[in-house]
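Engineer: The structure is given below, and queries will be raised subsequently.
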Amino acid sequence: MSLLFETTPDGVSRYFDWILNGLCWTLSLALGAWTIALIVGTLVGVARTLPGGIWPRFGRIYVETFRNIPLLVQMFFWYFVLPELLPQRIGLAIKQMDPPWGSFVPALICLGLFTAARIAEQVRAGVQALPAGQRAAASALGFGRIGMYRLVLLPQAFRIILPTLTNEFMTIFKNTSVALTIGLVELTATAREINENTFRTFEAFGVVTIVYLVIALLAWQLMHRIERAVQLPSFVSGSGRK
Amino acid sequence: MMVDLSAIVSAAPFLLTGLLFTLQITLVGVAGGIVFGSLLAVARLSQNRLLSTLATAYVNLMRSIPLILVIFWVFFLVPWAIGWLTNGGRPVAVGASLTIYVTFVLFEAAYYAEIVRAGFRSISTGQYAACDALGLSKLQAYIYVLFPQALLSVLPILLTQTIVLFQDTSLVYVISATDLLGAATKIAQRDGRLVEMYLIVGVIYFLFCYAASQFVKRLQGRLAYGVR
């Protein structure tokens, strides 16, 4: 692993700094997109459980669109296609954003909305898994629709879907690598660059593989802690967990 | 900007070649992935400590790193590995498609393994006991009794994973292969038709995946009904 401390071709940094830089972009993209995904995903998921009207239909269209098109194609849509379809002035402004923001912002929106569709499905499943009595009881207590979701249904639904959310949270770090196709130099792109500069394939890809492993482990640990912290005694048996 | 439909029509034959390659990768990935994945699942459940640890490590490793990284690994390692086996250590030039097939079998097997393992765990222990009582060997028990039941119980999930695999094939873009997306990209860059090409590719992927996921949904309903 001596490669890490050798000087890069530009002469001012070490490969270690490249990896750190790549890691920084991977983490920012993943955490930023996760925030968007949680907010949008919850809204869309709730929309899908509303009784009748236009919202469930809108939610379904959203989910089907974002789930049935590969992430990479969506990436290209936000990066290449959208600026062309917008009015010329706005499109040009988007294209002229300074790197790396020119690739980071589309990647952030893309990954956020993509993951939102998957979270929406889980939120819907979580809400639907609750007994109908919960909804009725909330109504009887005088909660409006917003209060019912915010204080009664969602807190329980999220506890049910935490294990699948954990999975999704770990996936988002891996999915950030797709952003390399639109020019963001995140971790995987860094490995490729180091390999192209040094031809030391094993070390370059080995280090980055280990970094991904550590990220996965930490992400899992974090979610596991959250899971235990929010666990309700009455709920453990109710959800059938052992 | 106007969308020019004629650009799509003239690109259709090339896009079709790309689509065929996409389907080929999917097919190889599914077949190889399920076979290798099932072996991994059996290994994980085996009494042999070493075997189960190795299989677990493999599955967890593959599931922790991005597919693009695996594509790069295989892209650089396969020529080297084949050279080491046959050519006395000198790397051998290998076509992109072989690299891709190997990648998808190795990568998807880890995901299929988890699904098949869930299938095995859904089988009641009585089935294992019954196999013993009938005097079936381990191999016979797996082939004739356990595996068919395990597969059937997780069939919808296996198919959903296959839709994911179909979408994942677009990532071979990173080694410039000519799958559906690769073909579209090549035309888009040659003719300056980014909007038309990426939109039509999006529509094609959507139609395939939407149809497949509706099918899975129906199947799921039917299987659930059959069991009750």
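Derivation of every value follows stated rules applied to the coordinates shown; laboratory data play no part. Only a predicted model underlies this, so the values are computations on that prediction, with no experimental measurement involved. Neighbour counts are summed over all protein chains in view; Cβ atoms, including those assigned to glycine, are modelled from backbone coordinates with ideal geometry.
Engineer: For q = 0.15 Å⁻¹, what log10 I(q)/I(0) does the range A:135-189 give under the Debye formula with an equal point scatterer on each alpha carbon and no solvent?
Structural biologist: Debye output, listed in q order: -0.61.
Engineer: Does the range B:1-133 classify as rounded, prolate or oblate by the C-alpha gyration tensor (a ≥ b ≥ c root eigenvalues; a/c under 1.5 gives rounded; else a/b over b/c gives prolate, otherwise oblate)? Write down the numbers at each step before the final one.
Structural biologist: Numbers: a/c = 2.86, a/b = 1.55, b/c = 1.84.
Oblate, since a/c reaches 1.5 and b/c is not below a/b.
Engineer: A further question follows. Give me D for chain B in µm² s⁻¹, whole number, from Stokes-Einstein with Rh from the Kirkwood sum over alpha-carbon pairs, 4 °C and 1.567 mPa s.
Structural biologist: Details: Rh = 19.9 Å.
The estimated diffusion coefficient comes to 65 µm²/s.
Engineer: Quick one: order B:Ser153, B:Ser170 by neighbouring beta-carbon count within 10 Å, fewest to most.
Structural biologist: Working: B:Ser153 17, B:Ser170 26.
The most exposed by this proxy come first: B:Ser153, B:Ser170.
Engineer: For A:Arg14, enumerate residues with amide H under 5 Å from its amide H, sequence gap 5+ or separate chain, H modeled in the peptide plane.
Structural biologist: Placed amide hydrogens put A:Thr8 under 5 Å from A:Arg14.
Engineer: If you don't mind, another one. Using a ≥ b ≥ c from the Cα gyration tensor of chain A (square roots of the eigenvalues), is it rounded, prolate or oblate, where a/c under 1.5 gives rounded and otherwise the larger of a/b and b/c decides, a/b for prolate? Can you show the working numbers first?
Structural biologist: On the way: a/c = 3.25, a/b = 1.62, b/c = 2.01.
Oblate is the answer for chain A, as a/c is 1.5 or above yet b/c matches or exceeds a/b.
Engineer: Hey, can you list the DSSP H helices of chain A whose Cα span along the axis is 15 Å or longer and whose average Kyte-Doolittle score is at least 0.0? Walk me through the intermediate numbers first.
Structural biologist: Values: long enough: A:15-49 (50 Å, 1.27); A:54-67 (20 Å, -0.22); A:101-129 (41 Å, 0.94); A:154-175 (28 Å, 0.42); A:187-198 (16 Å, -0.72); A:201-229 (42 Å, 1.16).
Membrane-span-like by this criterion, though nothing is claimed about a membrane: A:15-49, A:101-129, A:154-175, A:201-229.
Engineer: Arrange the following residues from fewest to most other Cβ atoms within 10 Å of their Cβ: B:Ile187, A:Ile210, B:Ile65. Display every interim value, and only then the final one.
Structural biologist: Numbers: B:Ile187 21, A:Ile210 12, B:Ile65 25.
Sorted ascending by nearby Cβ count, the order is A:Ile210, B:Ile187, B:Ile65.
Engineer: Grab the DSSP H runs of chain B that are 4 residues or longer, score each as -39,500 (n - 2.57), total them, divide by all residues and round the 222 nm result to the nearest 500 deg cm²/dmol. Intermediate results must be reported in sequence, preceding the final value.
Structural biologist: Details: 9 runs with 180 residues, N = 228.
Computed mean residue ellipticity for chain B: -27000 deg cm²/dmol.
Engineer: How charged is the neighbourhood of B:Val216? Take every other residue with its Cβ under 14 Å from the Cβ of B:Val216, and add Lys/Arg as +1 and Asp/Glu as -1. Write out the running numbers ahead of the final one.
Structural biologist: Working: positive: A:Arg67, B:Lys217, B:Arg218, B:Arg222; negative: A:Glu64, A:Glu121.
Local net charge: +2.
Engineer: On to the next question. Kindly identify the range A:91-172 as rounded, prolate or oblate by the Cα gyration tensor criterion: order the square roots of the eigenvalues as a ≥ b ≥ c, call it rounded if a/c is under 1.5, otherwise compare a/b with b/c, prolate if a/b is larger, else oblate.
Structural biologist: On the way: a/c = 4.54, a/b = 2.30, b/c = 1.97.
Prolate, because a/c is 1.5 or more and a/b exceeds b/c.
Engineer: For each of A:Lys174, B:Lys186, B:Lys217, count neighbouring Cβ atoms within 10 Å of the residue's Cβ, then give the residues from fewest to most.
Structural biologist: Details: A:Lys174 21, B:Lys186 16, B:Lys217 12.
Least to most surrounded, the residues fall as B:Lys217, B:Lys186, A:Lys174.
Engineer: Additional query: For chain B, what are the DSSP H helices with axial Cα length of 18 Å or more and mean Kyte-Doolittle hydropathy of at least 1.6? Write out the running numbers ahead of the final one.
Structural biologist: Values: long enough: B:5-45 (56 Å, 1.84); B:49-64 (22 Å, 0.51); B:67-86 (27 Å, 2.30); B:96-122 (39 Å, 0.86); B:155-168 (19 Å, 1.26); B:194-227 (49 Å, 1.08).
In chain B, the long hydrophobic H runs are B:5-45, B:67-86.
Engineer: Provide the convex hull volume over Cα atoms per residue for the protein assembly as shown, in Å³. Walk me through the numbers before you get to the answer.
Structural biologist: Values: hull volume 94.6 nm³, N = 470.
Hull volume over Cα atoms, normalised by residue count, gives 201 Å³.
Engineer: Let me ask something else about it. Between the range A:1-66 and the range A:184-207, how far is it from one alpha carbon centroid to the other, in angstrom?
Structural biologist: 21
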